[in-house]
Amino acid sequence: MDPECSKLLPALCAVLADPRQLVADDTCLEKLLDWFKTVMETESSLHLLQDHPCLMELLSHVLKTQDVSPRVLSFVLRLVGIFAAQEDCFQYLQQGELLLGLFGETGALSWTAWNMPSVRSGWIQGLCSLAHHPSALHFLADSGAVDTIFALQGDPSLFVASAASQLLVHILALAMQGGASGSPISEAAAWPICAQKIVNHVEESLHSKATPQVTQALNVLTTTFGRCHSPWTGVLWGRLSPPVACLFERDPIPAVHSLMDLLLSVASPQELRTQAFGVLLQPLACILKATTQAPGPPGLLDGTAGSSLTVDALLSSKSACVGLLCQTLAHLEELQMLPQCPCPWPQVPLLGATVTILRLCDGSVDPSSSMGGRLCGTLGGCVRVQRAALDFLGTLSQGTSPLELVLEVFAVLLKTLESPESSPTVLKKAFQATLRWLQNSHKTPNCSDLSPDALLFLGELFPILQKRLCSPCWEVRDSALEFLTHLIRHWGGQADFREALHSSEVPTLARQLLQDPESYVRASAVGTAGQLSSRGLQATSASPENPLAQQGLLMDLMHILSTDSEGFPRRAVLRVFTEWLRDGHADVIRDTEWFVATVLQAVSRDLDWEVRMQGLELAQVFLIQAMGQPSLHCPYTVGLPEATSPRPHPEFLQTLCRLPLFEFAFCALLDCDRPVAQKACDLLLFLRDKTTHCSGPQEAGDSPNSASVEAVLQRWREGEQGQPLGDLEPEAMLAILRSLDLEGLQGKLAKSSDHVEKSPQSLLQDMLATVGILEENEADCY
Amino acid sequence: MMALPYITEHTGFTGTVYATEPTMQIGRLLMEELVNFIERVPKAQSASLWKNKDIQRLLPSPLKDAVEVSTWRRCYTMQEVNSALSKIQLVGYSQKIELFGAVQVTPLSSGYALGSSNWIIQSHYEKVSYVSGSSLLTTHPQPMDQASLKNSDVLVLTGLTQIPTANPDGMVGEFCSNLALTVRNGGNVLVPCYPSGVIYDLLECLYQYIDSAGLSNIPFYFISPVANSSLEFSQIFAEWLCHNKQSKVYLPEPPFPHAELIQTNKLKHYPSIHGDFSNDFRQPCVVFTGHPSLRFGDVVHFMELWGKSSLNTVIFTEPDFSYLEALAPYQPLAMKCIYCPIDTRLNFIQVSKLLKEVQPLHVVCPEQYTQPPPAQSHRMDLMIDCQPPAMSYRRAEVLALPFKRRYEKIEIMPELADSLVPMEIKPGISLATVSAVLHTKDNKHVLQPPPRPTQPPSSKKRKRVSEDVPDCKVLKPLLSGSIPVEQFVQTLEKHGFSDIKVEDTAKGHIVLLQEAETLIQIEEDSTHIICDNDETLRVRLRDLVLRFLQKF
């Protein structure tokens, strides 16, 4: 601990122990704990306590009187935990009876402040920090703390309850990972008392009739298996899997979704996993059964349709039905991405069920049973289920599906995209799912082309897209544009796609949206127009009514960049311009210098820092194209010959001055937004690096021109940024470049802007300052 | 409303028609437009032979399937319209109208259109609600008054949406999207519509949308003989509008934004395509005109003018006609057709919410609402689901409503009430006898004080009016209570009677006074004293009996 802080600590401890002093801001206490934790990483906590008696005074004061605020009580519990994480300090505190006094049955539990969730939470967190060595295990076993933790699992405060479960897992892992002996124990009989106690508790809870208890036990197990896979977890699972399996025999199955979480986290036997999967699939099986006339081919869903309780849940009320389906679909979506995903994955029935759910939502299914009819009524127009089903449908695109089902998917997607009833959020999901299915339909190994079915689908999709681009709802226009941009990015080079797109009005309509009243839509339209233009797909027919189409897109985008009142479209324009420059877009390479100059001029006046950032990015791309990639500052390349980085042509430096790229970068270096300044610094470092061999420093230093530049820079630093640098020779620029301490600046900028305020010393001073005011007020009273 | 002249002018109707003012005014406009459209193209001849069943049978579909063609009538004239409207008595929301004293009728806002109403028909003890086209959506009219429908014995439910699967919001979005898409591609949009109603909401949506969709330079034309009146009438019915629009009037601003569209020349209206319109006409444009059936009115011209180009679009918004049938005579058609029916009337979900809220004892509705639509027989959600199940009726069926009238309310005049002396016979229940004259007129019953006892007859023998009033005898008090036999016997003994014998009979008791040769027969509802010619004894005994009874 640095001496400055040591000096401030006694005063702070006095403040904390004084019940009249209110610590108004408990984030201070959090920061204080964080600081202690960092100090303890490098120092002995025992020494710290011995060197700073004020700390022990604070602890014993709290232990004796408890007349401080619950916040401070909670803080002290957690602080002691941090100290006691080191075994020698633990012993020291143990001797002073301090630990038992705080964490034992006569400690915090008996205080009136125990009613406060913050105090209970502090008690748990203190124990969690403390439990790091064998002595702690003995303490936990002897002090009765474990029983208290069991009780806290059902705490009314969710934070406390969850922390209690976490603590149990932590203690269990500590005990099993060797405890005293240091080697893991795999025989159940030899488990430490603490571990046995916890495992017995979990086992009892699994047998409990009360669902909350079962849920708690399952959560503990899920966390345990999620954390580590050691031999002992295998033994533990061996012991607890029978009661877990028994849960499946109950009707109804308690805590189904916690059970799923557990089975997802553990390498359970195939049989159990299949059983669990079956339970998860029940609602979907019910849906299929209620809507198909003839029994389909045998699938994994067949055996699972039986549970009458699932049917009841589906039919009991709209909210129950919607909740169950959404949860199931979300779980399945998660499951498909995991290695534990059941094999074989029932792709076909799942896809069938998902398509059916979507059709129930849009009312186009013809149910064969009365249950189907009721489902139709319940799910009709249900946005939540539609969204969940579309998400899962997107995930299912990764599997292989028979053609007729793929066509069904396309049909239901078209229907959703077309329907006037589809809400904007549903449409967005439908666009996302469509994109995934187009990417994955009929994957042929060597060909990224669209399949004939996908092309047919696109033929029907474009008219719908046209309509959506004219929607009165801006969210719809926006997601339609985003979708279009993705389509072009993927297939813009493909002849069939180009033809389909060209025969529609989509490009023209997209271009018109550059003038949309909604800034988000304009931004998306900029992206789409840029992409269309990059691919040579821009609207061809320049109708006389539409003056917009007659001038080049480049000019339109320039216009947006310099006049749009919102930041998003301007940012989008710069992203497009950067991409165009990088890819050598025809409109850009026609006169790159003019292009960069115009952009930089517009950007330098922009009020949006992201636009200025993007401007620097564009400048960097320009420089890299002219000067080559930045050299790698890698120690292993020192000995290698310099890469073929060409020495920049003097004319190019003239260009840079003319653009004026130097002026823009110098200006950005002093930007009040740190990321902009950082980026400018990197850019100038790159420039300096590339121009080292251009001319000698002494020549430039003498130039009177450079002196005036320095003077201007100085004025800029002082806040007068209006003055231009004026026409300068490259030599002067280079001289300034070298005279700047760019590395130093880079270092300064790398630190966050509040690094001074974040120091522990400042924290302690702040805390003392707030109570200082109180003292002054007190003096006034006399 | 459109059928009103047929009822008032051709059926011998002599009654009064009750309607709100906007209903009458807008109804007049709609009928005026219809008459105007029809009269513009007078027919030299009218054919009726085809209505002969034998001939009709041979005609192609759909003519041969038309029902009851013999009852089809020619369109009425403006004269008949005016005569029909003259029979209307204007009413306001929540106004109570007495019908012959038998029932009270009250119109309530139904939220569907300007002045549209649901009706309550109630007597003192029964209440029937008649719900016609109603809407719970927030559009231009005053919101639907649901609270007043509570406590109904019967709720007659009619006028639900014709398109239960189409949500009006989605349809309006669809309307706007397709309109913008067509116009941006250089095409014209035709909207066949009525001159009032949904058009106000469509114009309002477009008002908000045209600038954002870059359609500010596109002219909107509204062509109808009553276009001007419709747009102007809508602005003056402030009290019939929703709260938002009402409050605009106090600013003062026109409640509907179409006023601004007209001011800025974005919306122009013309009585017909002839005259000014042909000078101003500019394409691409959007035209609102009638008739939505596409059989008459200016819409016909636009169908002919624009039907051949696939750039143009016709957008159907009125749910009353099948758009395919409307288009049939124009086929083949290159023009795009969009069907987005906007029907803001109640759908089945809203009905079930309404019924939960209002809780009528019985629901009565057309048969069609009690089963899913034939084309979507699986949609069990597209029918009325209530407990007890709704009573349904078919066309022209007479239905007895499921309640009986048991009580009538009778008023009592204050001076008569003053004279009553109630007696408490049970805690909380008091009785009094009333002698009065029941006066019934216009189904109202009033108890008036009886006339004073007649004066001693004057010497003149001539009969006087007052003598017609039935004579009122001096009234004896009514008796109640029962006579406890044992105590009665004791009382008799106290008063000197001896040798008393009591016999039980099937209905009561007989008390024998053997000495006096007198017999007192006490039964549940009568007491007889039988003694021979001893009036004094009888009176004594009577008074003793009366001691045990209460008089009032």
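The values are calculated or read from the model by the stated rules, or taken from the named source; none is laboratory data. None of these values were measured; they are calculated from a predicted model. As a convention, Cβ positions derive from the backbone with ideal geometry for all residues, glycine included, and neighbour counts pool all protein chains shown.
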Item to check | Criterion: at pLDDT 90 or above and under 18 Å from B:Ile342 (Cβ atoms) - qualifying residue of B:Leu157, B:Leu202 | outcome: B:Leu202
Next on the checklist: Can you pull out every residue in the range B:344-361 that is within 14 Å of chain A (Cβ to nearest Cβ), polar (S, T, N, Q) and either part of a strand (DSSP E or B) or in contact with a Leu (Cβ under 6 Å, 6 or more places away or on another chain) (or both)?
Outcome noted: B:Gln350
Next on the checklist: Being within 12 Å of chain B (Cβ to nearest Cβ) and of a type in the set (Ser, Thr, Tyr) is true for just one of A:Ser534, A:Ser524, A:Ser504. Which residue is that?
Outcome noted: A:Ser504
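So that you can scan it fast, the table gives a plain yes or no per residue for (1) under 28 Å from B:Phe233 (Cα atoms); (2) in contact (Cβ under 8 Å) with a residue 60 or more places away in the chain; (3) within 14 Å of chain A (Cβ to nearest Cβ); (4) out of contact with any Lys or Arg (no Cβ under 8 Å at 6 or more places or on another chain):
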{"position": "B:Ala113", "(1), (2), (3), (4)": "yes, yes, no, yes"}
{"position": "B:Ser117", "(1), (2), (3), (4)": "yes, yes, no, yes"}
{"position": "B:Ser134", "(1), (2), (3), (4)": "yes, yes, no, no"}
{"position": "B:Thr158", "(1), (2), (3), (4)": "yes, yes, no, yes"}
{"position": "B:Ile163", "(1), (2), (3), (4)": "no, yes, yes, yes"}
{"position": "B:Ser177", "(1), (2), (3), (4)": "no, no, yes, no"}
Checklist entry - Take the residues of the range A:95-141 that are in a loop (DSSP other than H, G, I, E, B) and in contact with a helix residue (DSSP H, G or I) (Cβ under 6 Å, 6 or more places away or on another chain): which is farthest from A:Ile198 (Cα to Cα)? => result A:Met116
Checklist entry - Does A:Glu87 satisfy the criteria of being in contact with a helix residue (DSSP H, G or I) (Cβ under 7 Å, 6 or more places away or on another chain), surrounded by fewer than 18 Cβ atoms within 10 Å (Cβ to Cβ) and farther than 23 Å from A:Ala131 by Cβ? => result no
Item to check | the range B:371-390 - residue that is farther than 26 Å from A:Thr291 by Cβ and surrounded by 18 or more Cβ atoms within 10 Å (Cβ to Cβ) and, of those, modelled with the lowest pLDDT | outcome: B:Cys386
Checklist entry - Within the range A:343-370, which residues are facing another protein chain (nearest Cβ under 10 Å), over 21 Å from A:Lys429 (Cα atoms) and part of a helix (DSSP H, G or I)? => result A:Ser370
Checklist entry - Inside the range B:179-193, can you point out the residues that are surrounded by fewer than 23 Cβ atoms within 10 Å (Cβ to Cβ) and either closer than 28 Å to B:Glu32 by Cβ or within 7 Å of chain A (Cβ to nearest Cβ) (or both)? => result B:Asn185, B:Gly186, B:Asn188
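For every residue, the table says whether it meets (1) surrounded by fewer than 19 Cβ atoms within 10 Å (Cβ to Cβ); (2) under 14 Å from the mean Cα position of the chain (by Cα).
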| site | (1), (2) |
| --- | --- |
| B:Asn118 | no, yes |
| B:Ser132 | yes, yes |
| B:Pro143 | yes, no |
| B:Thr161 | no, no |
| B:Glu174 | no, no |
Checklist outcome for this item: Filtering the range A:577-596 down to residues that are crowded, with 17+ Cβ neighbours inside 10 Å and out of contact with any Ser or Thr (no Cβ under 8 Å at 6 or more places or on another chain) yields A:Phe577, A:Thr578, A:Val588, A:Phe595, A:Val596
Next on the checklist: Checking A:Glu505 against (1) of a type in the set (D, E, K, R); (2) modelled with pLDDT of 90 or more; (3) closer than 30 Å to A:Ile464 by Cβ: exactly one of these is not met. Which one?
Outcome noted: (2)
Checklist entry - Within the range A:456-463, can one find any residue that is of a type in the set (Phe, Trp, Tyr) and surrounded by fewer than 20 Cβ atoms within 10 Å (Cβ to Cβ)? => result yes
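Is there a residue being under 30 Å from B:Thr313 (Cα atoms), surrounded by 15 or more Cβ atoms within 10 Å (Cβ to Cβ), more than 14 Å from chain A (Cβ to nearest Cβ) and modelled with pLDDT of 90 or more anywhere in the range B:362-370? Don't jump to the end; show me each part of the working.
So in the range B:362-370, the residues under 30 Å from B:Thr313 (Cα atoms) come out as none.
Within the range B:362-370, not a single residue is under 30 Å from B:Thr313 (Cα atoms), surrounded by 15 or more Cβ atoms within 10 Å (Cβ to Cβ), more than 14 Å from chain A (Cβ to nearest Cβ) and modelled with pLDDT of 90 or more.
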Item to check | Top-ranked residue in the range A:317-342 [being in contact (Cβ under 8 Å) with a residue 60 or more places away in the chain and in a loop (DSSP other than H, G, I, E, B); ranked as nearest to the other protein chains (Cβ to nearest Cβ)] | outcome: A:Pro342
Next on the checklist: The conditions are (1) acidic (Asp, Glu); (2) in a loop (DSSP other than H, G, I, E, B); (3) away from chain A (no Cβ under 14 Å), and B:Glu232 fails exactly one of them. Which is it?
Outcome noted: (2)
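Results for (1) at pLDDT below 90; (2) in a helix (DSSP H, G or I); (3) surrounded by fewer than 16 Cβ atoms within 10 Å (Cβ to Cβ), shown as yes or no for each residue.
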position: B:Pro254; (1), (2), (3): no, no, no
position: B:His269; (1), (2), (3): no, no, no
position: B:Met303; (1), (2), (3): no, yes, no
position: B:Pro329; (1), (2), (3): no, yes, yes
position: B:Ile338; (1), (2), (3): no, no, no
position: B:Ile342; (1), (2), (3): no, no, no
Item to check | Number of the condition not met by A:Gly381 [criteria: (1) closer than 28 Å to A:Ala320 by Cβ; (2) within 14 Å of chain B (Cβ to nearest Cβ); (3) outside any loop (DSSP other than H, G, I, E, B)] | outcome: (3)
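Can you name the residue in the range B:194-215 that is in a helix (DSSP H, G or I) and aliphatic (A, V, I, L, M) and is also nearest to the other protein chains (Cβ to nearest Cβ) among such residues?
B:Leu206
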Checklist entry - Quick one: would you say A:Leu284 is touching a helix residue (DSSP H, G or I) at 6+ places or on another chain (Cβ under 7 Å), part of a helix (DSSP H, G or I), within 14 Å of chain B (Cβ to nearest Cβ) and modelled with pLDDT of 80 or more? => result no
Checklist entry - Scanning for something within 25 Å of A:His559 (Cβ to Cβ), at pLDDT below 90 and among the charged types (D, E, K, R), does the range A:600-622 turn up at least one residue? => result yes
Next on the checklist: Going by what's in this entry, would B:Ile218 be described as outside any helix (DSSP H, G or I) and either under 28 Å from A:Glu475 (Cβ atoms) or more than 14 Å from every other protein chain (Cβ to nearest Cβ) (or both)?
Outcome noted: yes
Checklist entry - What are the pairs, 6+ residues apart or on separate chains, where a residue within the range A:470-487 that is within 14 Å of chain B (Cβ to nearest Cβ) has its Cβ under 6 Å from a residue that is among the acidic types (Asp, Glu) and surrounded by fewer than 23 Cβ atoms within 10 Å (Cβ to Cβ)? => result A:Trp474/A:Glu518
Next on the checklist: Would you confirm, using the coordinates I've provided, whether A:Thr328 is among the β-branched types (Val, Ile, Thr), within 18 Å of A:Gln282 (Cα to Cα) and over 32 Å from the mean Cα position of the chain (by Cα)?
Outcome noted: no
